[in-house]
Amino acid sequence: MSSAETSGSKFVITTPIYYVNDVPHVGHAYTTLNADAVARWHRLLGDDVFFLTGTDEHGLKVQRAAEEAGLEPLDHATRTSERFASTWELLNISNDDFIRTTEPRHHAAVQALLQKAYDNGYIYADTYEGDYCVSCEAYYVEDDLVDGNCPIHKRPVEHMVEDNYFFKLSAFTDQLTEWLEQPESAGHSIRPAGYRNEALGIVRQGLDDVSITRTSISWGVPVPWDTDHVFYVWYDALINYATAVGFGADQQRFDQWWPSTHHVLGKDILRFHGVYWPAMLMAAGIDPLPQLHVHGFLLLGGEKMSKTGGLTAITPAELVDDFGVDGFRYAMLRNHSFGPDSDFSFEGIVEAFNTDLANTYGNLVSRVATVVGKNCGGVGPAPEPGASLGEAAATAYAEAAAAWDSVQPSAALDATWRLLRETNEYLAEMEPWKMDPGPEVDAVMGNALEVIRIASIMASPAIPEAVEIAWKRIGLDGQACQQRLPEAAVWGAYPGGLSVEVGDPMFPRFKPSS
């Protein structure tokens, strides 16, 4: 689906809601930054965007942690929820809503959706005996375990026996297979394709019915047809996406927004989002299904970045102190292709900051402003209509737009920065600083100013604060992030005759302390 085709439509994008027994770390930030950047891109297209994040606050793990801290579960949840909200504020995340699963609107939506599944015959009572990982808030069969431990958290599981209500997941094998096998062009499936195949593998191995309620805890959403039970965490948490767009409260709003829903998530929760969640929606008669965009793990020394990996010492706030908000945002988006696992390192952030932001983008803005000041009287000239850089800009935009539409921010930024590098090379070749004032230097500098204008719009989903500094320095009114694509990327819109300002370096080179 092209950018032009999606222009003006509704677009819902979500992160997972983060569990309140975690603290915000770089892995959470990576997921949220990707969703934020895609949301910002769709706003550039003129789409009506709804961007959702939030926190997951029920379950045995939260109840136990609260008890250990001498707190009520809600008080414990609120403390951590606020940490996530403040971290997203620090990182300039543009979410339109922040949902908490302890909100009344969510309780109502959970009860409404699962009541529909119950009324449709897909939920039944039985006794469960099996192995349970408190950290995952999920049951595992013996074949899933690794040396008797949870495959995700590498911790011992707990053996549990209790009366539960079960969701008839097995009834949806054929429907899930049909959904997962449809081509990407049909939409409403899972990308990249490898994760869709992984979900298909889960379905083809055979689906067992799953326990969805607990009687041994009270910290959860009460089951409406049997108040001795609460829904345990996954079957409450997943419904947040529907809650936020009006399910159970505003049917008209839900009908308008739900068909355009996209979930961004890590591969560790693919089973829940790519198998259980669509089946739950099918059971409640909700159509169409959302589209999933799945990324791999950030790895540090070969280990997944997670609380259990001992890597939460790396916090977004610390890296923002070193690199600024936009420096951190850019490095996280540019250095890690969306989809596969990716190595995270401090050195990688330094390289992206110094090479791309300081040397390429920041240096281009400074160089152009300096030459315009000296050789053009401080007034920015208009670009040449048929400039070779215009072709490069058109190519870069087409590639970036395709990448953003496929939820590939790293590839989109690669196309954008290739245009900036080509422009620096163009200036090195033309040497406008050696030219006398006149038409020749005006043409060269007008072309460079036009690239800065276009590239700043294209880069705004990643570095929203920095592009506005560049925008003002080349004399433009309004904001780069409020332009409308694809029209704003057409070559020749820099009007000329604008005052161009020389300022401090936008991204002073980072020098690690010895």
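If you take just the strands (runs of 3 or more DSSP E) that sit entirely in the range 95-198, which of them hold at least 3 residues that are over 24 Å from H293 (Cα atoms) and in the same structural domain as A279 (by TED's automatic domain parsing)? Steps first, answer last, please.
On the way: elements: 97-100, 123-133, 138-140, 158-167.
By residue number, 123-133, 158-167.
Determine whether A428 is among the small types (G, A, S), out of contact with any strand residue (DSSP E or B) (no Cβ under 9 Å at 6 or more places or on another chain) and buried (at least 21 other Cβ atoms within 10 Å of the Cβ). Quick ask: steps written out before the conclusion?
Working: among the small types (G, A, S): yes; out of contact with any strand residue (DSSP E or B) (no Cβ under 9 Å at 6 or more places or on another chain): yes; buried (at least 21 other Cβ atoms within 10 Å of the Cβ): no.
No, not satisfied.
Residues in the range 377-401 that are farther than 19 Å from M430 by Cα and without any contact (Cβ under 8 Å) to a residue 60 or more places away in the chain: how many?
Of the residues in the range 377-401, 4 are farther than 19 Å from M430 by Cα and without any contact (Cβ under 8 Å) to a residue 60 or more places away in the chain.
Could you list all residues from the range 334-371 that are surrounded by fewer than 17 Cβ atoms within 10 Å (Cβ to Cβ), hydroxyl-bearing (S, T, Y) and in a helix (DSSP H, G or I)?
Correct list: T355, T370.
Name every residue in the range 7-20 that is at pLDDT below 95 and either outside the structural domain of R40 (by TED's automatic domain parsing) or among the hydrophobic types (A, V, I, L, M, F, W, C) (or both), in order of residue number.
Scanning the range 7-20 gives a single hit, V20.
In the range 245-280, what count of residues is obtained for those that are among the β-branched types (V, I, T) and closer than 20 Å to Q115 by Cα?
Within the range 245-280, the first condition is being among the β-branched types (V, I, T), and the residues that meet it are 245, 261, 264, 269, 275.
Pick out the ones that are also closer than 20 Å to Q115 by Cα and you get 245, 275.
Adding up the residues that qualify gives 2.
Taking G475 as meeting all but one of (1) surrounded by 18 or more Cβ atoms within 10 Å (Cβ to Cβ); (2) touching an Asp or Glu at 6+ places or on another chain (Cβ under 8 Å); (3) within 22 Å of F328 (Cα to Cα), write down the number of the exception.
(3)
Would you check if E429 is farther than 29 Å from N92 by Cα and free of Cβ contacts under 8 Å to residues at least 24 places away in the same chain? Even if it seems obvious, please write down each step before you answer.
Working: farther than 29 Å from N92 by Cα: yes; free of Cβ contacts under 8 Å to residues at least 24 places away in the same chain: yes.
Here the answer is yes, as E429 does meet what is asked.
Condition first: among the hydrophobic types (A, V, I, L, M, F, W, C) and farther than 30 Å from D405 by Cα. Now tell me which residues in the range 467-514 satisfy that.
L498, V500, V502, F510, listed by residue number.
So if I check each of A462, A415, A448, which one is modelled with pLDDT of 95 or more, of a type in the set (G, A, S) and not in a helix (DSSP H, G or I)? Break it down into steps so the answer makes sense when it comes.
Working: A415 fails: not in a helix (DSSP H, G or I); A448 fails: not in a helix (DSSP H, G or I).
Answer to the selection: A462.
If I ask for residues that are under 19 Å from G220 (Cα atoms) and among the charged types (D, E, K, R), which ones from the range 50-105 would you list?
Matches in the range 50-105: D56, E57, K61, R64, E67, E68, E72, D75, R79, R100, E103, R105.
Every residue in the range 131-165 that is at positive phi and either in contact with a Lys or Arg (Cβ under 8 Å, 6 or more places away or on another chain) or among the small types (G, A, S) (or both), please. Can you show your working first?
Step one: filter the range 131-165 for residues at positive phi, giving 137, 147-148, 154.
Scanning the range 131-165 gives E137, G148.
Look through I13, I17 and report the one residue that is over 30 Å from E399 (Cβ atoms) and under 12 Å from the mean Cα position of the chain (by Cα).
Details: I13 fails: over 30 Å from E399 (Cβ atoms).
When all the criteria are applied, what remains is I17.
Return the residue satisfying two criteria in turn: it lies in the range 386-412 and is among the polar types (S, T, N, Q) and part of a helix (DSSP H, G or I), and of such residues it is surrounded by the most Cβ atoms within 10 Å (Cβ to Cβ). Before the answer, list the steps.
Narrowing the range 386-412 to residues among the polar types (S, T, N, Q): 388, 395, 406, 408, 410.
In the following step, the residues that additionally are part of a helix (DSSP H, G or I) were identified as 388, 395, 410.
Working: S388: 11, T395: 14, S410: 18.
Going through the qualifying residues, I end up with S410.
Can you find, within the range 433-445, the residue that is nearest to A403 (Cα to Cα) among those that are surrounded by fewer than 24 Cβ atoms within 10 Å (Cβ to Cβ) and touching a residue at least 60 places away in the same chain (Cβ under 8 Å)? Explain how you work it out, then say what you get.
We begin by selecting, within the range 433-445, every residue surrounded by fewer than 24 Cβ atoms within 10 Å (Cβ to Cβ); these are 433-443.
From the residues that got through so far, the ones that are touching a residue at least 60 places away in the same chain (Cβ under 8 Å) too are 433, 435-437, 441-443.
Values: W433: 36, M435: 38, D436: 41, P437: 40, V441: 34, D442: 33, A443: 31 Å.
So, considering only residues that are surrounded by fewer than 24 Cβ atoms within 10 Å (Cβ to Cβ) and touching a residue at least 60 places away in the same chain (Cβ under 8 Å), the one nearest to A403 (Cα to Cα) is A443.
Looking only at the range 69-94, which residues are part of a helix (DSSP H, G or I) and surrounded by fewer than 21 Cβ atoms within 10 Å (Cβ to Cβ)? Quick ask: steps written out before the conclusion?
Step one: filter the range 69-94 for residues part of a helix (DSSP H, G or I), giving 69, 73-90.
Scanning the range 69-94 gives A69, L74, D75, T78, R79, T80, E82, R83, A85, S86, E89, L90.
If we scan the range 372-385, do we find a residue that is part of a helix (DSSP H, G or I), assigned by TED's automatic domain parsing to the domain that holds D356 and touching a Leu at 6+ places or on another chain (Cβ under 7 Å)?
Filtering the range 372-385 down to residues part of a helix (DSSP H, G or I) leaves 372-375.
With the extra rule that they be assigned by TED's automatic domain parsing to the domain that holds D356, the set shrinks to 372-375.
Then keep just the ones that are touching a Leu at 6+ places or on another chain (Cβ under 7 Å); that gives none.
Scanning the range 372-385 turns up no residue that is part of a helix (DSSP H, G or I), assigned by TED's automatic domain parsing to the domain that holds D356 and touching a Leu at 6+ places or on another chain (Cβ under 7 Å).
Collect the residues in the range 199-216 that are surrounded by 18 or more Cβ atoms within 10 Å (Cβ to Cβ) and not small (G, A, S), keeping them in residue-number order. Outline the logic, then answer.
Going residue by residue through the range 199-216, those that are surrounded by 18 or more Cβ atoms within 10 Å (Cβ to Cβ) are 199-200, 203, 207, 210-214.
Answer for the range 199-216, where residues must be surrounded by 18 or more Cβ atoms within 10 Å (Cβ to Cβ) and not small (G, A, S): L200, V203, L207, V210, I212, T213, R214.
The values are calculated or read from the model by the stated rules, or taken from the named source; none is laboratory data. Because the structure is predicted, anything quoted here is derived from the model rather than measured. Neighbour counts run over all protein chains shown; Cβ positions are idealised from the backbone, glycine included.
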